Each structure stands twice: as C-alpha cells, then as structure tokens.
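All remarks here apply to the structure that follows.
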Amino acid sequence: MKTAVVNGPSSISVNDTPMPSIDAGEILIEMQACGICGSDLEKVFGHYGNQSMRLGHEPAGIILDVGSKVTGFQKGDRVFTHHHVPCYSCTLCTHGNETMCKKYSETNLSPCGLSEQYIVPSWNVSHGGVLKISNSTTFEEAAMIEPLACCVRAWSKCNYKEGDTAAVFGVGPTGMMHIMLAQAKHFSKIFCIDVNDFRLDFAKKFNVTDTINAVDTNRFEKISASTDGIGVDVAIVATSSMTALEDAIEMVRKGGTVIMFGVPSKGAELNLDMCKIYNKEITLKTSYAASDADTKEALDMIESGKIDTKRLITHRYTITESQKAFEHAKSGDGVMKIIITK
C-alpha cells in the first residue's frame, strides 16, 4: 500500500509500505478521503512545534476488518476516525483540557491517516474515536469533521452573544469554518482579514460584512468605523502570523476575546505590550486540536446541514500526487480546501 511521509524539508515521499495486520481491539480502514491541514503544511514546509510528524489526521473511509474483540463496528461501515483520544480521567481531562492529556498525544493512527490503509488503535476504538457516518454524508464531507471540530472547540472557549461581531484573521479552510460558525451563531457582523485576494474573494460568497487585505493601511479604521468605534467582540486568528495576532489585539473591543487558533512556527515570538492587554481587559486564549466530543458535535453539524463544509473544497489529488497537493496548498494559489483520495 502507499503511504505519504515527510522526507525532509519541503519534501514528501509516497512509499510502498507493508499491509498492516490488526490486533484484537483494532480496526483496519481503507482511506477514501483525507484533508490537508495547516499543521500538515507546517510539518512539511515549516518548523512544526510538536513531536509528531505523521501526515493526515482528517481521514474517513471504509472498515476493511475488525479485531476479534471489537464490538459495534463491522466490515463495510463508513466511518470517520479521530487520530487522538484522551483518557478522560486525569486532572487535565477533568478540567476540560482533553487535548493536553498525555494519552491524547500517544494515540495515533498507524502508519498515518495519509495512507491507503491505516489501523485505528484499540484505545481509540474503545474510547469513542471512531464515528459512523450516514450514507448521505460523503467521505469528503467526513474528512472535514476534524478541522470543523477544532473550530468548535475554539468557540467553546469564547464568551459571546447573539448579535455580536467577529473578525477572522486568515480565511483559509478553517478560517472559513469559523465564519460559518459565526453565522450559525447569528453574529451581526463578520470581517475577514487576509493577504490572499483569492481567499478574500472566496469569503465574499458567504455574505460577510467586509473583506480587508491585511496590508491595507486603513484596516484598523475600517473595523472601527463599522463597529461604532468599539472594535469586534471576538477576534479569531486562524493563521500562524504573529502580525495577525497583534492586529487582533488592536481590533478587539475592550473586554473582548482573542482566540489564537492558527499553529505558530516553533520559536515564533511576539513583542507584546502587556499594558494594552491589561488596560483593555482582553481575554487571550489558545485552542489546540479537538477532542472526540468536539468531533461528534462537528459531525452533527455537517449531517444536519447546519454547516455545509463541501462548499470549501476546491481541489482533489490522489495520494500519489501528495507532493503536488501540498505545494499547491502552501501556495494558496486559487485554492481553499484540498482533499487527498486513495
């Protein structure tokens, strides 16, 4: 079978790997669709800050085989699989910090999600890491469950009310999901800030309040004028750019919330005037990954039609075209969401 792996800086190789065999509690999946995530791009082209260099954590597929001790699943089931599942019992989990759980980072798909076949470990199987998808849900839509779940988790950390205003910095695939969530939560105004004109034009299709190029010298004035000089209630930074984070702090209102959602490069630093944070009483929160509880909520949103993620898919590549796919995603050239197929 073919598996995509990081082969060095800016390089992916698609290797022939042995067909995996499963243990009693495991499930073997034939991948049908897997999205490319910003963290995947960081692993290939950047300086990823976490240990794992496995590619592909947005896979969905068909069960090929189940271990002898697996219950509730059978061959032929259409499923989404979560790559990490926490323990639910440690101090971090019981305080709502499941993605910080030690067990969470230890549970991985094998060899990875960007493989023609992969194994779901017994821990994930027995702890809610495999979700059946309906026949009406495509595998491409199911591949969007994990990134949407990450966005869902970010919003769970944020205080907001119906009618609030939001600014989304970085309107790539997850940035667009944040826009869709803000609309589902009945925000009155949503502003999009990015350096990529294609993405800004793409966002206009979603009837946002305004799209602003991040290099526009009047960007602060535009936000201020549209919010009666107050600033936005919520600012979500869905990019690794530290400049975007600085802008978010400037544009959020007093008492507002800034969510640091995008994955920063390892060693990224911010020259931050903490007096500004204090005097504006800004809440600055980070949001890392998603728990399987978040994925369940994301799946429900997709299957209920509340969030139409398939609108974001612009390109498809096969697994053998992984290098080309990743380079295209990195370029941002006329692309929103890329899906890898078997």
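Give me the log10 of I(q) over I(0) for the stretch 216-301 at q = 0.10 Å⁻¹, as the Debye formula computes it from C-alpha points; what are the numbers? Each listed q maps to, in turn, -0.31.
Placing unit charges on each Cβ (+1 for Lys and Arg, -1 for Asp and Glu) gives the stretch 63-145 a dipole about its Cα centre, and among Thr94, Tyr104, Ile145 the Cα reaching farthest toward its positive end belongs to Thr94. For Lys330, the lysines whose Cα falls under 16 Å of its own Cα, not counting residues fewer than eight places away in the same chain, are Lys43. Surface exposure of the stretch 88-234, expressed per residue as accessible area with a 1.4 Å probe, stands at 41 Å².
With a cut-off of 11 Å between beta carbons, the residues surrounding Ala154 carry a summed charge of +2, where Lys and Arg count +1 and Asp and Glu -1. Here the average projected area of the convex hull drawn through the C-alpha atoms of the stretch 32-180 stands at 10.6 nm². The helix-only estimate of mean residue ellipticity at 222 nm for the chain, built from DSSP H runs of length n ≥ 4 each weighted as -39500 (n - 2.57), is -8500 deg cm²/dmol after division by the residue total. Magnitude of the charge dipole for the stretch 59-106, about its Cα centre and with charges confined to Cβ atoms of Lys, Arg (+1) and Asp, Glu (-1), is about 60 debye.
Considering the convex hull of the alpha carbon atoms of the stretch 1-107, report its projected area averaged over all viewing directions, in nm², one decimal.
Here the figure is 8.1 nm², rounded to one decimal.
In angstrom, the C-alpha Rg and Dmax of the stretch 48-134 are 13.4, 38. List the aspartates and glutamates whose alpha-carbon lies under 14 Å from that of Lys2, not counting same-chain residues fewer than 8 positions away? The qualifying aspartates and glutamates are Asp16, Glu30, Glu116, Glu321. Only one residue of Gly231, Asn7, Ala33 has its Cα farthest out toward the positive end of the dipole of the chain, where Lys and Arg carry +1 and Asp and Glu -1 on Cβ, and that residue is Gly231.
Note on Lys222: lysines with a C-alpha under 19 Å away, same-chain residues under 8 apart excluded, are Lys189, Lys204, Lys254.
Please work out, to two decimal places, the log10 of the ratio I(q)/I(0) at q = 0.11, 0.20 Å⁻¹ from a Debye calculation in which every Cα of the stretch 151-285 carries one identical scatterer. For the stretch 151-285 at q = 0.11, 0.20 Å⁻¹, log10 I(q)/I(0) is -0.33, -1.21. Treating each Cα of the chain as an identical point scatterer and summing with the Debye formula, the log10 of I(q)/I(0) at q = 0.07, 0.09, 0.16 Å⁻¹ comes to -0.28, -0.47, -1.43.
The values are calculated or read from the model by the stated rules, or taken from the named source; none is laboratory data. All values derive from a computational prediction rather than experimental measurement. For neighbour counting, all protein chains shown are included, and Cβ atoms are generated from backbone atoms with ideal geometry for every residue, glycine included. The accessibility values were calculated without ligands, DNA or RNA, using every heavy atom of the protein model including side chains. Shrake-Rupley method; radii C 1.70, N 1.55, O 1.52, S 1.80 Å.
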